[in-house]
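Presented below is the structure to which this report refers.
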Amino acid sequence: MERKSIVPGEIVARSPIELREHEAHARLIPSSANSLDELRKSVKSEGRVRVPLVALPDGRVLCGRDRLKVALELGLPSVPVEIRADLADDPDGQVLLIVDDNLSRKHFTEPERVKLAALKLEIEKKLAKARQVEGGRRGGKAPRRKREASGNISGSLPGECRDRVASKIGVSGRHLEKALEVVKAAERGTAPAAKLYLDGTLSASGAHDAMKRLSRREQARLVARVRHAPESERSRVARRSLRERSEPATFSAVEAILERLAALGAACLRTDPGLAKALAQASDEQRARLRRTLDGVGKILDAIEVRLLEE
């Protein structure tokens, strides 16, 4: 393929035999037989590949591996391709584009998407550090970044990058954080319960909870108990086992919260007549907000009382 004739962003027609899968794609992205079958039917029906592939000037495909496979299988004479000459000497940029293109794929399991998210976060951290170093070389220090109203430097908070990546795979930032801990523990082999997330038995939160509260031996027993259960019952067995294990601590937590609530209520009443004066000066909006809060607390206490009476 000739680089000199390539215009950045231009879609050109290329023969599928001139293209090949990028080595990082083969290493990082699992293939799905089901999605390949659906794509094959679509391309066969239309007689063409409709969505352009994205490739490097040397023919390595960054986006569209399955489209290339189908085109080769069906013997299509050409496929539309966007050539990214700007990424030819940027290995990190190549991997980042591959990961971005696959983060939200529906046929991937959540643990598979989380592994891709971890790779994206790692590369973005590396690129951000490189930008800092480059900025320091140019001006003696890193370029100043726009400050937001809160006083924080825009984009500098780790949580912002985490939340942005989490949204791409359809989870919250906190959920991604827990899932990353579980996946890393599974890769290191330090927490048996992490395996129950990788195979879909437990959610990331469930596996994370088990890792935090159970010893390694207890986690191994939990995994063994789940493995001996019928496949259709494994998730229920795992959740029930964790629930049974957590009852004493949960009761203590509820008791402590109620005792604290009672103490705060007593302290609030002791401020009278200051309390009466504060309420008299409150606006209608403040009174309505306080009423909603009290209603919510009342409903929670009623629910706890009902459960106690049911026992």
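Checking each residue in region 197-216 for being of a type in the set (Lys, Arg) and either touching a helix residue (DSSP H, G or I) at 6+ places or on another chain (Cβ under 8 Å) or part of a loop (DSSP other than H, G, I, E, B) (or both) picks out ARG213, ARG216. Taken as a whole, the condition of being part of a helix (DSSP H, G or I) and modelled with pLDDT under 75 applies to ARG245. Consider VAL43 against the criteria (1) of a type in the set (Val, Ile, Thr); (2) outside any loop (DSSP other than H, G, I, E, B); (3) surrounded by fewer than 19 Cβ atoms within 10 Å (Cβ to Cβ): it satisfies all of them except one. Which criterion is unmet? So VAL43 meets the others, but not (3).
Taking VAL70 as the residue in question, decide whether it is outside the structural domain of ALA204 (by TED's automatic domain parsing), assigned to a loop (DSSP other than H, G, I, E, B) and surrounded by 18 or more Cβ atoms within 10 Å (Cβ to Cβ). Answer is no for this residue.
If the condition is being within 23 Å of LYS184 (Cα to Cα), without any contact (Cβ under 8 Å) to a residue 60 or more places away in the chain and not charged (D, E, K, R), then region 69-96 contributes only LEU96.
The values are calculated or read from the model by the stated rules, or taken from the named source; none is laboratory data. The model shown is predicted, which means the values in this text are computed figures rather than measured ones. All Cβ positions, glycine included, derive from the backbone under ideal geometry; neighbour counts span all protein chains shown.
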